[in-house]
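Peer 1: Please read through the structure below; I'll follow up with questions.
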Amino acid sequence: MVSWPSVSEIAWGLASDKTAIVMAVALIIMTVLSAGPLHPIDNFINNAPRPYWDQIREFLIYWPDTVASRFVALPVLGVTALQLAYWHRSWRPIILSAVGVFSMLSLVASMKLLFARSHPRTEDPAFFADSGVSFPSGHGANAILIYGLVLFLIVRYQAARPHIVRRLGYCIVGIAVLQAVVSVYLRFHWFTDLLTGMVAGGLILALTIRLDQMIPQGRTFTWWPWYGRNPWNGADRAPEAAGRD
């Protein structure tokens, strides 16, 4: 019987992950810099001229700005996770996707409510405004975390050839850059909102990948209905296939 790690082992494994530590430190640094030292950069970019504003504003709102929205990114992740779960008879892709997205939403929402940064339309990038939820950017976090999970699952289950994986990686970078440019152009976010959101997404992605490494191989295979266990008596039907998880 494959056993789960204890809560303390999971907590220590997540806290000791080197990539996650680097991303956590980067998130703290970006938060401190966004609170004051980088205000001149935010103001400069926010007040820069917007050429062709009337001609392309509506197009940017309804098309490029939605690429990293949850309404677009989550279905992509959902289809990928469900397909891989079916192919491998494992709940692991679904569990990792759900944990990663929920953790990212919790982190971003908590930071928005805690720091309450004013909207760029106010032309004041201060924190702790009367009403503001600009910092960090949820779209920036989506671009890294959700699409990053899609790429991670594809790589983990070897669902695409290496050259396709590289191209998908380039696409994620392109989506992140496009989202940042469009959001800044439309004055939906301060520049540092977007950078910090991407770092937050990267932190949760690193923790999700670490969590996958701690879940025992084959553990979720036995949960798959009619494939892991006999639905009538709960006996293992194909224990030798559990390693496919």
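Peer 1: Residue check, Gly201 against (1) touching an Asp or Glu at 6+ places or on another chain (Cβ under 7 Å); (2) modelled with pLDDT of 95 or more; (3) small (Gly, Ala, Ser), all met but one. Which one?
Peer 2: So Gly201 meets the others, but not (1).
Peer 1: Answer yes or no as to whether Leu153 is over 25 Å from Ile29 (Cβ atoms), under 19 Å from the mean Cα position of the chain (by Cα) and open to solvent by less than 30 Å² (accessible area, probe 1.4 Å).
Peer 2: yes
Quick grid of which residues meet (1) crowded, with 16+ Cβ neighbours inside 10 Å; (2) farther than 25 Å from Gly202 by Cβ; (3) modelled with pLDDT under 95:
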| site | (1), (2), (3) |
| --- | --- |
| Ala68 | yes, no, yes |
| Pro75 | no, no, no |
| Leu84 | yes, no, yes |
| Ser90 | yes, yes, yes |
| Ala98 | no, no, no |
| Ser106 | no, no, no |
| His119 | yes, no, yes |
| Glu123 | no, yes, yes |
| Gly132 | yes, no, yes |
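Peer 1: A further question on this structure: Looking at the range 167-186, I want the residues that are within 15 Å of Ala141 (Cα to Cα) and without any contact (Cβ under 8 Å) to a residue 40 or more places away in the chain and have a partner that is open to solvent by 20 Å² or more (accessible area, probe 1.4 Å) and assigned to a helix (DSSP H, G or I) with Cβ atoms under 8 Å, at least 6 apart or on another chain. Which pairs are those?
Peer 2: Once the first residue is within 15 Å of Ala141 (Cα to Cα) and without any contact (Cβ under 8 Å) to a residue 40 or more places away in the chain and sits in the range 167-186, its partners that are open to solvent by 20 Å² or more (accessible area, probe 1.4 Å) and assigned to a helix (DSSP H, G or I) give Ile172/Ile144; Ile172/Tyr147; Ile172/Leu151.
Peer 1: Name the residues in the range 1-18 that are assigned to a helix (DSSP H, G or I) and surrounded by fewer than 14 Cβ atoms within 10 Å (Cβ to Cβ), would you? Steps first, please.
Peer 2: Step one: of the range 1-18, the residues assigned to a helix (DSSP H, G or I) are 7-15, 18.
Correct list: Val7, Ser8, Glu9, Ala11, Trp12, Ala15, Lys18.
Peer 1: Continuing with this model, one more query. Condition first: open to solvent by less than 80 Å² (accessible area, probe 1.4 Å) and without any contact (Cβ under 8 Å) to a residue 24 or more places away in the chain. Now tell me which residues in the range 22-37 satisfy that. Outline the logic, then answer.
Peer 2: Applying the first criterion (open to solvent by less than 80 Å² (accessible area, probe 1.4 Å)) to the range 22-37 yields 23-27, 30-31, 33-36.
Residues satisfying the conditions are Val25, Gly36.
Peer 1: Among the residues of the range 160-179, is there at least one that is over 30 Å from Ala109 (Cα atoms), modelled with pLDDT under 95 and crowded, with 17+ Cβ neighbours inside 10 Å?
Peer 2: Checking the range 160-179: not a single residue is over 30 Å from Ala109 (Cα atoms), modelled with pLDDT under 95 and crowded, with 17+ Cβ neighbours inside 10 Å.
Peer 1: Kindly establish whether Met111 is surrounded by 11 or more Cβ atoms within 10 Å (Cβ to Cβ), at pLDDT 95 or above, touching a Gly at 6+ places or on another chain (Cβ under 6 Å) and on the phi < 0 side of the Ramachandran plot. Break it down into steps so the answer makes sense when it comes.
Peer 2: Details: surrounded by 11 or more Cβ atoms within 10 Å (Cβ to Cβ): yes; at pLDDT 95 or above: yes; touching a Gly at 6+ places or on another chain (Cβ under 6 Å): no; on the phi < 0 side of the Ramachandran plot: yes.
In short, no.
The values are calculated or read from the model by the stated rules, or taken from the named source; none is laboratory data. Remember, predicted model here, so these are calculated numbers, not experimental data. Cβ sites come from the backbone with ideal geometry, for glycine too, and all protein chains shown count toward neighbours. For accessibility, only protein heavy atoms count, side chains too; no ligands or nucleic acids. Shrake-Rupley method; radii C 1.70, N 1.55, O 1.52, S 1.80 Å.
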